[in-house]
1. What's the total number of residues in the stretch 196-215 that are free of Cβ contacts under 8 Å to residues at least 60 places away in the same chain and either surrounded by 22 or more Cβ atoms within 10 Å (Cβ to Cβ) or touching a strand residue (DSSP E or B) at 6+ places or on another chain (Cβ under 7 Å) (or both)?
2. Which one is surrounded by the most Cβ atoms within 10 Å (Cβ to Cβ), of the residues in the stretch 179-195 that are among the hydrophobic types (A, V, I, L, M, F, W, C) and part of a helix (DSSP H, G or I)?
3. Show the residue pairs that are 6+ apart or on different chains and have beta-carbon atoms under 6 Å apart, the first residue being within the stretch 77-93 and in contact (Cβ under 8 Å) with a residue 40 or more places away in the chain, the second being in a loop (DSSP other than H, G, I, E, B) and exposed (fewer than 12 other Cβ atoms within 10 Å of the Cβ).
4. Quick one: which residue in P167, P158 is open to solvent by 30 Å² or more (accessible area, probe 1.4 Å), over 15 Å from D117 (Cα atoms) and either part of a loop (DSSP other than H, G, I, E, B) or in contact with a strand residue (DSSP E or B) (Cβ under 8 Å, 6 or more places away or on another chain) (or both)?
5. Going by the conditions given, is L113 assigned to a strand (DSSP E or B), within 20 Å of G15 (Cβ to Cβ) and of a type in the set (A, V, I, L, M, F, W, C)?
6. Just one of the numbered conditions (1) open to solvent by less than 20 Å² (accessible area, probe 1.4 Å); (2) touching a helix residue (DSSP H, G or I) at 6+ places or on another chain (Cβ under 8 Å); (3) β-branched (V, I, T) is not true of T173; which one?
7. Can you tell which of A127, A48 is open to solvent by 10 Å² or more (accessible area, probe 1.4 Å), free of Cβ contacts under 8 Å to residues at least 40 places away in the same chain, among the hydrophobic types (A, V, I, L, M, F, W, C) and out of contact with any helix residue (DSSP H, G or I) (no Cβ under 9 Å at 6 or more places or on another chain)?
Amino acid sequence: MNTYGPPAYGPPAHGPTGPTELLVIAKAPVPGRVKTRLCPPFSPAEAAELAAAALADTLETVLTLPARRRVLVLDGRPGPWVPPGVEVVPQDAGGLDERLAAAFGRCTGPALLVGMDTPQITPALLAPALAPDAWEGCDAWFGPAEDGGFWALGLAQPDPALLRGVPMSVPETGAVQRRRLVESGLAVRDLPVLRDVDTAADAHRVAADAPAGRFAAVLGRLTGAGVR
């Protein structure tokens, strides 16, 4: 099994240590390539600005969490927005299921993956999956999303086959993924249900859940802190 090689960008030694690799799968915040469902009412440049803020909030939280490594699995080119302590590796080709499978396939021990669409995540939300006893009697952690997807997935023994073939970005994605885990004989524990940012309405809801974050600040500036 391949492992993540030397970091392409950023030194690895930052933040508290723990037994689990933390993965963030994301797209580079480039106008026209990211958060296109926010357009309209936002312009592509504004949507990219919101995406950059969401990713910054996510990475800031990840840096506070106990982890063996912190890896940004990126579609696109990294920029100065990648903070020290976060390694960057490119996403593999293929559909989202293949890209997620490849990200887990490079891990050599327990791994927890989150995306960039839930900037409201906090250390408390992820604490159960990163506790010293997180993997005692547990093979997988699953964070369901309100839209039927999932915002977090943790595997004690990462196996790409657990993700390949799962239909992504459809209302039943989360149900199919969780069923795949259970039918594979894994003991699954659930994290709280979260809303991810797909639409403008989602953005306002998520910003209200995390009003002190960069995402909420950018949304407030773009909308004049009013309803758009």
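1. 1
2. Checked the stretch 179-195; the qualifying residue surrounded by the most Cβ atoms within 10 Å (Cβ to Cβ) is L181.
3. That search, which allows pairs on different chains as well, returns P84/P11.
4. P167
5. Yes: the conditions hold for L113.
6. If we test T173 against (1) open to solvent by less than 20 Å² (accessible area, probe 1.4 Å); (2) touching a helix residue (DSSP H, G or I) at 6+ places or on another chain (Cβ under 8 Å); (3) β-branched (V, I, T), just (2) comes out false.
7. A127
Conditions (1) more than 21 Å from D202 (Cα to Cα); (2) touching a strand residue (DSSP E or B) at 6+ places or on another chain (Cβ under 7 Å), marked per residue:
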residue	(1), (2)
G85	yes, yes
P123	yes, no
G137	yes, no
A140	yes, yes
G149	no, no
A152	no, yes
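The values are calculated or read from the model by the stated rules, or taken from the named source; none is laboratory data. Keep in mind that what you see is a predicted model, and the values were worked out from it rather than measured. Glycine also receives a Cβ, built like all others from the backbone with ideal geometry; neighbour counts cover every protein chain displayed. Protein only, heavy atoms only, side chains kept; ligands, DNA and RNA dropped before computing areas. Shrake-Rupley method; radii C 1.70, N 1.55, O 1.52, S 1.80 Å.
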